[in-house]
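Novice: Got a structure for you, written out below as structure tokens; questions coming shortly.
Any read-out appearing in this document is the output of simple, stated calculations on the displayed coordinates, not a laboratory observation. Here the structure is a predicted model, which means the values were calculated and not measured. Here the Cβ positions follow ideal geometry from the backbone for every residue, glycine too, while neighbour counts run over all protein chains shown.
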Amino acid sequence: MSVLDDGGTRRDTSFTFTIDGMEVRAQPGQTIMEAADAAGIYIPRLCDHEGLRHQGSCRVCTVKVGGRSVSACTQPASPGQGVEAETPHLTRLRRDLVEMLMHEGNHFCPMCEASGNCELQAMAYRLEMVEPTKFPYLEPNRDLDASHPDIALDTNRCISCGRCIRASQDVDGKGLFGYVGRGIRRRVAVNGPDLARTEAAITDHAVSSEVCPVGCIIRKRVGFRVPIGEREFDKGLIGHDIEEKRNG
Amino acid sequence: MSSLPERRPVLPADAPAICASFDNDRRRMLDILHDIQDQDRWISPESMEAVAAATGLSRIQVEGVASFYSFFSLKPKGRVTIRLCDDIIDVYAGLDKVAAALESTLGIGFGETSPDGGFSLEYTPCIGMCDQAPAAMINDVIVTRLTPDKARQIALALQDGVLPEEIAVSGHAPANAHERATRMVDSNIRHAGAVLLGPVPADAGLGNALAMTPAQIITTVEESGLRGCGGAGFVTGRKWRFAASGQAERRFVICNADEGEPGTFKDRVLLTERPHLLIEGMTIAARAVGAREGIIYLRGEYAYLRPVLEEALAERRAKGLLGKDIAGNRSLTFDIRVQLGAGAYVCGEEGALISSCEGLPGEPKTRPPFPVTRGYLGYPTVVNNVETFCHVARILDKGAKWFFDMGVEGSHGTKLFSVSGDCLNPGVYELPYGHSVQELLEIVGGEDAAAVQVGGPSGTMIGRDKFDRKLTFDDLATGGAIIIFNGSRNILEIVEHYMSFFVHESCGYCTPCRVGNVFLQKAIGKFRKGLANPADIDYVRNLSATIIETSRCGLGTTAPNPVLTTLKNFPLIYAAMTKPAKDGIRDTFDIQAAIDGARKIAKRRSYIFDKDFSK
């Protein structure tokens, strides 16, 4: 980015900071994650999604700046700061968070339509969540909403990332979804008695396969069209598309 | 609505009219929902639709607010709702028998509403009455020092149609709002210090502030060494300097009167006894930072104090000390509204409090930006605790040096301590910073203490070997809660109680606080049942560390403190409750609990585990 200074000449306002010792260029107003993405450094995230407002709720993108924990998706980059983004300690914290989400909902990967396309599952693989987990299972028992002709909702698989809420509000201009309740009872709900009695349409960005990171929003009649083994994260770790920018 | 019980208003609340009375302003959502709740005793789907239509929101957004706060209900509640405080102090003061008396007299259990729509019984976290526990809210009023007998008589009187107000304030009509409040709740001032609870000349600080420039006021507050009294201890003058700097069309001063930390009740006493001093302090802050609008965010549990505040505000407006051209000063126009909360501890967090004032669920805001640059409605906002504003008014009267010379290095002035639990004289003590816990225990008659919880659940629990530690920001920081436990109390019971509190009060926005605290609570339950093994100590330590390091706000970063501080200061309690698994396998998996449901469905009984399988 450049701006005109008082004398009328163009001046470059970009600056640099470091992520794990590597120098990264950023523009004023960019978050740490935006600058990292542009530089081909992938910081794990679940609630953040391209084109949507930053929310900073899943905390998987937690990085350290000057010893303090911040969420990379909301923290503005600042000149000269040193960011720790990938250390064994941070990986352990992220694995704990992913495990918490796995245990908060019902995530039975072998029988889930999203398996292979699921960002939660892919994140677990990336973070090497390969041992039996230690947390108790909370086993929610929420009704399936299959009322809509084209879309089904299984909120037992919801990870409360709120991507559908923001997509519907800000991109589709519909406000189909919202959070209700508090604490462990907080959940995503629809703006109506059920999904059929809302303005939901299969063409909404909010219900597109890229917005829901898990198998909560299900598009009917397309299940398993792409066989397991040929799905997005069967081809590479989550984040590989960003990291390829650096390698390529 | 034909199924509504006959004693309730036949017509449901006129939601459009209520919205109109708040200019259909969505930022006044809490006020709108309070009015509907008070009239209908719930927020019906029809009301939510009507509020959504009037305020230009979607129904789900209105439901998001209504379902967030404990005092709003999405199911019909009784005409009279009794909320019995279930803080651990109330438990130790005989809560169970009081609860049983209410249940048997009213014929309903906790969490239930009587079939005729007359009564609802609920438990609620600390209502700020630990010095006179057990206590309860009956609708908006307070009854304290409950015994089973007293509870029974209250329930019978309510059944006879006596109004809650008449029960809480019996006898002759109170002369004013202050008398009404103090006849409900004792202020219990046990020690008046030099700054707040001793004699206070009216508006002497404001008088001086009016003769000073805003910059001089900020410098005075900085030089006094005053730090925030709500618990976090940020330097007050610095906060004001940030808020005053830069260009802004509007600025705001907000008083945080949402003291929800269990065991804290000192702001209750200031709101009751020093409302003018508080408003004076806010007015000084307004002059210092250039604010014209202020809000007092009063916790829902303190609704009974709202008339005290409204009366003081009205009196000051009449005297020209609030409103346009304060004290004839053309450069100072400032007024205050009271925003009533609705039962959410997290709203004591600065950002969550601002969200709540804006009519949103009480969720903390993303920082940066900080409230001093972008706060209420996006404008620079100063948020300070009740006690902090009161101190400011006195500092402007007596000077920065007077205040700075009290207390110790880094912790200047006096502090109000809310003392409760196992001691002779529970109540509020105003003392200079720097006393040791032992000295305080001697002052309050708590020499039998075996453990002291300093700063409430989010603070530190210490044992006898640490009673020489000092009550300062640099040693044992506290928003004021001092909870005393004698040797007969079960530390793990207290810890589990506090973890349940944090689970109940987490807003649920971020993963570690929403989910991690549930796991921590379950783990402590395992210790209490004797099912833990030595590896579980590392498990709770690591889990606590993750919650602290990744949570988004102060609630999450302090919620594991009950566990961590007791692990540190009472390690033997945990050691005594753990045993290695006999077969060397970690028994995190309780097979009997896991197959219990299936066993019942299949009607296959275990002669070992099912004593009675008829249920």
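Novice: Say the cut-off is 21 Å between C-alpha atoms; which of B:LYS522/B:LYS579; B:LYS319/B:LYS401; B:LYS239/B:LYS470 go over it?
Specialist: Details: B:LYS522/B:LYS579 17 Å; B:LYS319/B:LYS401 31 Å; B:LYS239/B:LYS470 26 Å.
Result: B:LYS319/B:LYS401; B:LYS239/B:LYS470 exceed 21 Å.
Novice: Using only Cα atoms, locate the centre of the range B:429-505 and the centre of the range A:103-166, then give the distance between them in Å, rounded to an integer.
Specialist: Cα centroid of the range B:429-505 versus Cα centroid of the range A:103-166: 42 Å apart.
Novice: Among B:291-302, B:251-262, A:10-21, what's the highest-first ranking by average C-beta atoms within 10 angstrom per residue? Numbers along the way, then the final one.
Specialist: On the way: B:291-302: 23.4, B:251-262: 26.9, A:10-21: 13.5.
Packing order, densest peptide first, comes out as B:251-262, B:291-302, A:10-21.
Novice: Could I get the Rg over Rh figure for the protein assembly as shown? Both from C-alpha atoms, Rh via Kirkwood, rounded to two places.
Specialist: Numbers: Rg = 28.0 Å, Rh = 29.1 Å.
Ratio value, two decimals: 0.96.
Novice: If I model a spin label as a point 7 Å beyond the Cα along the Cα-Cβ vector, how far apart are those points for A:HIS89 and B:GLU165 in nm?
Specialist: Those two pseudo-labels are separated by 5.8 nm.
Novice: So for each of A:55-66, B:509-520, B:330-341 I average, over its residues, the number of other beta carbons within 10 Å; can you give me the resulting order with the highest mean first?
Specialist: Values: A:55-66: 23.4, B:509-520: 27.6, B:330-341: 18.2.
Packing order, densest peptide first, comes out as B:509-520, A:55-66, B:330-341.
Novice: A follow-up question, please. Round to the nearest 0.05 the FRET efficiency obtained for B:LYS324 and A:ALA146 when R0 = 56 Å and r is the Cβ-Cβ distance.
Specialist: Values: r = 60 Å, r/R0 = 1.07.
Efficiency at R0 = 56 Å is approximately 0.40.
Novice: Compute the length gained on full extension between A:THR16 and A:ASP170: take 0.36 nm times their separation in residues and subtract their Cα-Cα distance, giving the result in nm to one decimal.
Specialist: Values: separation 154, 0.36 × 154 = 55.44 nm, distance 3.12 nm.
Contour length minus the Cα-Cα distance gives 52.3 nm.
Novice: Separate question: Report, as an integer, the average count of C-beta atoms from other chains found within 10 Å of each Cβ along B:543-552.
Specialist: For this peptide, the per-residue mean of nearby foreign Cβ atoms is 6.
Novice: Over the whole of A:51-61, what's the average partner chain Cβ count within 10 Å per residue? Rounded to a whole number, please.
Specialist: Numbers: counts 0, 0, 0, 1, 3, 5, 8, 4, 13, 2, 1.
Per residue, the average neighbour count from other chains is 3.
Novice: Measure out, as a whole number of angstrom, how far apart the alpha-carbon centroids of the range A:22-72 and the range B:132-152 sit.
Specialist: 51 Å
Novice: Here is a follow-up. State which helices in chain B qualify, where a helix is a whole DSSP H run, it must extend 20 Å or more along its own axis by its Cα atoms, and its mean Kyte-Doolittle hydropathy must be at least -1.0.
Specialist: Details: long enough: B:275-289 (21 Å, 0.95); B:491-505 (21 Å, 0.65); B:535-550 (23 Å, 0.19).
Helices meeting the criterion: B:275-289, B:491-505, B:535-550.
Novice: Here's another thing I want to ask about it. For labels at A:LYS235 and B:GLU112 in the simple 7 Å Cα→Cβ model, what's the distance in nm?
Specialist: Between A:LYS235 and B:GLU112, the label points sit 6.0 nm apart.
Novice: What does the helix-only formula give at 222 nm for the protein assembly as shown: each DSSP H stretch with n ≥ 4 adding -39500 (n - 2.57), the total divided by the residues, and the result rounded to the nearest 500 deg cm²/dmol?
Specialist: Taking each H run of at least 4 residues, the total per residue is -10000 deg cm²/dmol.
Novice: Further question on the same structure: Once the convex hull of the alpha carbons of the range B:39-194 is built, what does its volume come to per residue, in cubic angstrom?
Specialist: On the way: hull volume 26.0 nm³, N = 156.
Taking the convex hull of the Cα positions in the range B:39-194, it is 167 Å³ per residue.
Novice: Next up: Once label points are set 7 Å from the Cα along Cα→Cβ at both B:ASP14 and B:ALA173, what is their separation, rounded to one decimal in nm?
Specialist: 2.7 nm
Novice: Continuing with the same structure: Quote the FRET efficiency, to the nearest 0.05, computed for A:LYS134 versus A:GLU199 with a Förster distance R0 of 30 Å and r equal to the Cβ-Cβ distance.
Specialist: Details: r = 43 Å, r/R0 = 1.42.
The pair A:LYS134/A:GLU199 has a calculated efficiency of 0.10.
Novice: Highest mean first, how do B:139-152, B:105-118 rank when packing is the count of other Cβ atoms within 10 Å averaged over residues? Could you put the intermediate results ahead of the total?
Specialist: Working: B:139-152: 19.0, B:105-118: 15.6.
So the order, starting with the most tightly packed, is B:139-152, B:105-118.
Novice: While we're on this one: Can you figure out the FRET efficiency of B:ASP149 with A:PHE224, using R₀ = 51 Å and their beta-carbon distance, to the nearest 0.05?
Specialist: Details: r = 67 Å, r/R0 = 1.32.
My answer for the efficiency is 0.15.
Novice: Please compute, for peptide A:184-194, the average count of beta-carbon atoms on other protein chains lying within 10 Å of each residue's beta-carbon. It would help to have the intermediate numbers written out before the result.
Specialist: Numbers: counts 10, 6, 10, 2, 1, 4, 1, 6, 3, 1, 0.
Shielding by partners across A:184-194 averages 4.
Novice: May I ask for the distance between the Cα centers of the range B:342-397 and the range B:69-86, given as a whole number of Å?
Specialist: 26 Å
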